[in-house]
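To start, the structure itself, in structure tokens.
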């Protein structure tokens, strides 16, 4: 059995974060505060020995990873990037106002916003409803997003050796979905990972589908 420990980091604050814009595959630069967040996270983790560094291929994640790696006492190498680690795709809603968009989506099923959908139904329903309301049906539905996360975890496990510790810079909804699926004790509508926070996952090979077992060791730590 192969076991790896993964520290998932949410990228630093971006321009779209402070403008309350939906930011999935669209990208916005880190703000000065976001850069400071990345540096602070790097300082907190400077003595952790990582065997590999990874990041979503979106620039906000890569830039955050570079700041964290620069502070680490381990090897100074560029992160390996992968589109599998991207944030959920909001389709036609990319870059739109967060509150307005989710109100438009939620009202189609008698809810007020994304959190209300999650409370009354589920996180999957929120993803599926946005996909249905999207006029081009480009937004990722729940099954598609979960499948991509499984692909990402399988990829990380395959690239590692037993006992490795990985640093992975990714995105808020990606991390929250991991935590919901693999055992973090919180209500998903009430606890969203903060910029620069650390969520730790233990990942092991498994003989059952999807080929791995995962346990959340820590969530949204600052």
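Values quoted throughout were computed directly from the atomic coordinates according to the rules given, and no laboratory measurement underlies them. Given the structure is predicted, the values throughout are model-derived calculations rather than measurements. Every residue, glycine as well, gets a Cβ built from its backbone with ideal geometry; the counts of neighbours run over all protein chains shown.
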Give me the extension gain from residue 47 to residue 76: residue separation times 0.36 nm, minus the current Cα-Cα distance, reported in nm with one decimal. 9.1 nm
When 131, 191 are ordered from fewest to most other Cβ atoms inside 10 Å of their Cβ, what list results? 191, 131
Counting alpha carbon pairs within less than 8 Å and at least 6 residues apart, what relative contact order, in whole percent, applies to the range 90-139? 45
Just to confirm the number: angle between the C-alpha axis of helix 172-181 and the first principal axis of the chain, 0 to 90 degrees, nearest 10? 90
What order do you get for 37, 1, 130 when you list them from fewest to most C-beta neighbours inside 10 Å? 1, 37, 130
Using Cα pairs closer than 8 Å and at least 6 residues apart in sequence, work out the relative contact order for the chain, in percent. 31
Taking only the Cα atoms of the range 127-222, how large is their convex hull per residue, in Å³? 120
Between the range 163-182 and the range 35-92, how many Å separate their Cα centres? 12
Could you give the length gained by full extension between residue 143 and residue 103, i.e. 0.36 nm per residue of separation minus their alpha carbon distance, to one decimal place? 12.2 nm
Quotient of Cα radius of gyration and Kirkwood radius for the chain, i.e. Rg/Rh, equals 0.96
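Using the scaling law 2.2 N^0.38 Å as the reference, what is the normalised Cα Rg of the range 90-139? Present the calculation step by step, with values, prior to reporting the outcome.
On the way: Rg = 9.7 Å, N = 50, 2.2 N^0.38 = 9.7 Å.
Normalised Cα radius of gyration, the range 90-139: 0.99.
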Take the Cβ-Cβ distance between residue 207 and residue 121 as r, set R0 to 35 Å, and report the resulting FRET efficiency rounded to the nearest 0.05. 0.60
Can you sort 197, 56 from fewest to most other Cβ atoms within 10 Å of each residue's own Cβ? 197, 56
Residues of the range 206-222 with the amide nitrogen closer than 15 Å to a label point 7 Å from the Cα of residue 191, along Cα-to-Cβ, please. 215-222
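Taking the Cβ-Cβ separation of residue 132 and residue 181 as r and a Förster radius of 22 Å, what is the calculated FRET efficiency to the nearest 0.05? Please report the intermediate quantities before stating the final value.
On the way: r = 22 Å, r/R0 = 1.01.
Calculated transfer efficiency: 0.50.
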As a percent rounded to 5, the proportion of antiparallel DSSP bridges among beta bridges in the chain is 55
Residue separation between residue 19 and residue 40 times 0.36 nm, minus their alpha-carbon distance, gives in nm 5.3 nm
